[in-house]
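Novice: Supplied in structure tokens, the structure appears directly below.
No lab work stands behind these numbers, since they all come straight from the coordinates. Model, not experiment: these values are computed from the prediction. Neighbour counts are summed over all protein chains in view; Cβ atoms, including those assigned to glycine, are modelled from backbone coordinates with ideal geometry.
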Amino acid sequence: MAARFLSLVLAISELVYAQNNWTMTSIRSVQARVQSVVPIWDSTNGVWVSQPYIPSDTAFADEYRATLDTVNTASVEGALMYVQSEGIDQAIVPGCLRKTNMSYIWFFDIHIVQPTYGIAQYGKDTSVYPEYCPYMAMDNGMCTPTGTTLSKTCLQVFGGNGQPNIGPCVGGENRTTNAKAPYPDNVWFSFPGSCITQTFTAKTDACRASQKGGECPFGTLPDGVKCTYSYSILGYISIDDLVGITSLVNTKTNQNYASRNEFCKAGGIEFNSATGKHLPFWDDALNITANSQRSQQMIDFYATIVADPVKGKNMKPLPSLNTLSSSNPPCYLNSPICSSAQYGCRRRLYAQVCTVCSSPASDCVVRPSTASPFPTLQKAVGTAGSASGTNGGSVQGNSATSISIVLPNLLILLVAFVLI
């Protein structure tokens with residue numbers, strides 16, 4: 001009897017522990033972001049950082065924080081979609097600069113551990129990628145509102161307006177069907193930094209403290225509780241160099257064009273949908289295969305920059321896909337969808353997103369029969385009977401408790417014990 005009782009206690013303990021203490025296993029994802037400026041090399045810390053948005057913020061911590069402070073990124077393979085669809089068409093974008101002065105593409109090596117409430121809330125949502133929450137559009141350092149109204153997803157980052165406080169969950173969704181730039185491997189991501197409801201220049205220390213965001217301090221890896229993402233900048237490329245503008249000669253100066261602005265003012269056309277004129281780099285812009293090849297051309301171009309001892313100084317190459325996949329956990333550890341998928345899930349792209357396999361394949365990983373199924377996690381709730389605090393979501397309230405799930409299983413075990 002004592003042995004049976006001990007076995008029962010151990011079984012209950014294991015069940016409670018699995019459901020109350022689950023945390024996401026860290027993933028590594030390489031992504032890209034279109035920028036108007038080059039990053040700054042900080043020789044003291046040996047890393048690239050961003051120019052701060054407030055000129056007085058000159059401390060290293062400010063420069064590091066500014067880089068992924070409530071911004072969107074893209075999969076490396078889809079980074080050109082934004083440039084192609086919104087930035088280059090001189091029939092639509094006035095003046096000689098690309099929209100928002102798109103000039104560079106930065107490459108990031110990112111580590112992510114989502115808050116547990118985020119996985120509890122969206123882990124079975126097939127409209128987002130496994131391991132991610134819904135994508136949030138972000139402009140000028142804040143969630144992009146509709147008029148003056150912030151989205152439900154944005155409010156859930158910190159439990160605003162009575163929404164459940166799921167914490168600063170990184171968003172990730174497909175963006176593959178743009179009519180002007182169909183890139184089959186384009187994924188957009190959203191990184192909720194601190195004070196997500198205010199623009200870069202309006203963020204205050206008090207707001208940053210109350211809406212903590214997910215970005216880790218320099219040198220800290222995410223744990224899903226204190227912070228949810230960290231990054232390093234691998235390097236960057238010039239879009240003008242990539243598309244060939246700086247390889248063309250200005251006949252008025254007999255020198256190569258220094259920029260798209262100079263090229264345009266001299267009568268050059270990068271892309272014009274009305275006239276059909278464009279640089280060879282943008283040939284066949286509406287063709288999916290051509291766009292995939294264009295992305296590969298960009299990846300190859302970055303490799304040549306990194307290999308150049310002058311242009312590539314302090315830059316690092318993109319890790320191989322094999323290196324990334326071998327360093328990442330199987331998808332079934334972090335996703336209930338992948339845990340129960342008949343043919344498992346595979347990791348794809350430099351971003352290492354998980355996709356459900358529709359048939360057996362060598363890169364599809366099925367949860368072994370010996371591995372525990374994905375635990376049932378209790379979702380956070382709003383202000384009525386709140387299970388999560390309202391203090392930013394990144395320090396408190398991110399361990400998804402499951403008492404309502406544990407109790408029925410506990411009763412089953414007790415009944416079984418009595419009947420034996």
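Novice: How far is helix 2-20 tilted off the main Cα axis of the chain, in degrees rounded to 10, range 0 to 90?
Specialist: 20 degrees
Novice: Among DSSP bridges having both ends in region 24-236, what percentage is antiparallel? Round to the nearest 5. Walk me through the numbers on the way to the answer.
Specialist: Details: 32 of 34 bridges.
Antiparallel bridges: around 95 percent, rounded to the nearest 5.
Novice: By its C-alpha gyration tensor, with a ≥ b ≥ c as the square roots of the eigenvalues, how is region 11-141 shaped: rounded for a/c under 1.5, else prolate for a/b larger than b/c, else oblate? Could you put the intermediate results ahead of the total?
Specialist: Details: a/c = 2.89, a/b = 1.64, b/c = 1.77.
Here region 11-141 falls in the oblate category.
Novice: If you average 1/r over all unlike Cα pairs in region 24-236 and invert the result, what Kirkwood radius do you get in angstrom? Could you put the intermediate results ahead of the total?
Specialist: Working: mean 1/r = 0.0568 Å⁻¹.
It works out to 17.6 Å.
Novice: As a check on your grasp of the helix formula, calculate [θ] at 222 nm for the chain: sum -39500 (n - 2.57) over DSSP H runs of n ≥ 4, divide by the residue count, round to the nearest 500.
Specialist: Details: 12 runs with 109 residues, N = 420.
Value at 222 nm, helices only: -7500 deg cm²/dmol.
Novice: What relative contact order, as a whole-number percentage, does region 24-236 give when Cα pairs under 8 Å and 6 or more residues apart are counted?
Specialist: Values: 470 pairs, mean separation 58.2, N = 213.
Normalised by residue count, the contact order of region 24-236 is 27 percent.
Novice: Arranged by the count of other C-beta atoms within 10 angstrom, fewest first, what order do Ser56, Ser340 take?
Specialist: Working: Ser56 7, Ser340 14.
The order, fewest Cβ neighbours first, is Ser56, Ser340.
Novice: Arrange the peptides 342-355, 36-49, 77-90 so that the one whose residues have, on average, the most other Cβ atoms within 10 Å appears first. Spell out each step's value before the answer.
Specialist: Numbers: 342-355: 20.6, 36-49: 14.6, 77-90: 23.1.
Packing order, densest peptide first, comes out as 77-90, 342-355, 36-49.
Novice: Run the quick spin-label model on Thr323 and Asp284: label points 7 Å from Cα toward the beta carbon, then report their separation in nm to one decimal.
Specialist: For the pair Thr323/Asp284, the computed spacing is 3.1 nm.
Novice: On to the next question. Taking Cα atoms, how many degrees apart are the long axis of helix 288-307 and the longest axis of the chain, rounded to 10 and kept between 0 and 90?
Specialist: 80 degrees
Novice: Using a Förster radius of 45 Å, what is the FRET efficiency between Asp62 and Ser359 based on their Cβ-Cβ separation? Nearest 0.05, please. Write out the running numbers ahead of the final one.
Specialist: On the way: r = 50 Å, r/R0 = 1.10.
My answer for the efficiency is 0.35.
Novice: Once you have the Cα-Cα distance between Ser369 and Val381, take 0.36 nm times their residue separation minus that, and quote the gain in nm to one decimal. Spell out each step's value before the answer.
Specialist: Working: separation 12, 0.36 × 12 = 4.32 nm, distance 3.29 nm.
Length difference between fully extended and current span is 1.0 nm.
Novice: OK, next. If packing is taken as the average number of other Cβ atoms within 10 Å across a peptide's residues, how do 153-163, 174-184, 312-322 rank, most packed first? List each step's numbers first, then the result.
Specialist: Details: 153-163: 22.8, 174-184: 16.8, 312-322: 14.0.
Result, highest mean first: 153-163, 174-184, 312-322.
Novice: Continuing with this model, one more query. Relative contact order (percent) for the chain, with alpha-carbon contacts under 8 angstrom and 6 or more residues of separation? Working shown, then result.
Specialist: On the way: 894 pairs, mean separation 99.4, N = 420.
Relative contact order of the chain: 24 percent.
Novice: Continuing with this model, one more query. Quick one: Karplus J couplings for region 134-150, per residue in order, coefficients 6.51, -1.76, 1.60, θ = phi - 60°, nearest Hz, x for Gly and Pro?
Specialist: Couplings: x, 5, 10, 5, 10, 9, 6, x, 9, 4, 6, x, 9, x, 10, 9, 7 Hz.
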